[in-house]
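Q: I have a structure I would like to understand better, so I am pasting it below and will then ask my questions one at a time.
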Amino acid sequence: MADALVVVALLAVAGCATAAVANRDPARQALVLSVLGTALAVLFTVLQAPDVGLSQLAVGSALTPLLIMLSVRKVRRRSAHGKNGRQ
């Protein structure tokens, strides 16, 4: 039973990582990265490392995608202002 959970968690991580690489839009990549962080947290928990899983849940699922989304938003705003002739 435990081996099956590990295999399922590894497949979920591999699928999410592939989806993150395949996406071209940075905003969508950040969302998929959040799902990848959650899948990694589940994998760590299944592998009996709940402390690492909780850290991954906080950093990989919430903080990193949030920082990426804020950066993408700021870059898109600056490029929109540059196209309108304002700076």
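Q: How many residues are free of Cβ contacts under 8 Å to residues at least 24 places away in the same chain and assigned to a helix (DSSP H, G or I) when one looks only at region 16-32?
A: 9
Q: Is at least one residue of region 48-61 outside any helix (DSSP H, G or I) and without any contact (Cβ under 8 Å) to a residue 60 or more places away in the chain?
A: Checked region 48-61: at least one residue is outside any helix (DSSP H, G or I) and without any contact (Cβ under 8 Å) to a residue 60 or more places away in the chain.
Q: Please verify whether Leu36 is open to solvent by less than 80 Å² (accessible area, probe 1.4 Å), touching a residue at least 24 places away in the same chain (Cβ under 8 Å), in a helix (DSSP H, G or I) and touching a helix residue (DSSP H, G or I) at 6+ places or on another chain (Cβ under 9 Å), treating the condition exactly as stated.
A: Against the criterion (open to solvent by less than 80 Å² (accessible area, probe 1.4 Å), touching a residue at least 24 places away in the same chain (Cβ under 8 Å), in a helix (DSSP H, G or I) and touching a helix residue (DSSP H, G or I) at 6+ places or on another chain (Cβ under 9 Å)), Leu36 qualifies.
Q: Quick one: would you say Arg73 is basic (Lys, Arg), open to solvent by 60 Å² or more (accessible area, probe 1.4 Å) and within 10 Å of the chain's Cα centre (by Cα)?
A: no
Q: Assess whether Leu43 counts as being at pLDDT 90 or above, open to solvent by 80 Å² or more (accessible area, probe 1.4 Å) and of a type outside the set (Ser, Thr, Tyr).
A: Criteria not met by Leu43.
Q: Kindly indicate whether any position in region 61-69 is surrounded by fewer than 14 Cβ atoms within 10 Å (Cβ to Cβ), hydroxyl-bearing (Ser, Thr, Tyr) and at pLDDT below 95.
A: Scanning region 61-69 turns up no residue that is surrounded by fewer than 14 Cβ atoms within 10 Å (Cβ to Cβ), hydroxyl-bearing (Ser, Thr, Tyr) and at pLDDT below 95.
The values are calculated or read from the model by the stated rules, or taken from the named source; none is laboratory data. Just so it is clear, the structure is predicted and the values come from calculations on it, not from any experiment. A quick note on method: Cβ atoms are made from the backbone with ideal geometry, for glycine too, and the neighbour counts reach across all protein chains shown. Only protein heavy atoms, including side chains, enter the accessible area calculation; ligands, DNA and RNA are left aside. Shrake-Rupley method; radii C 1.70, N 1.55, O 1.52, S 1.80 Å.
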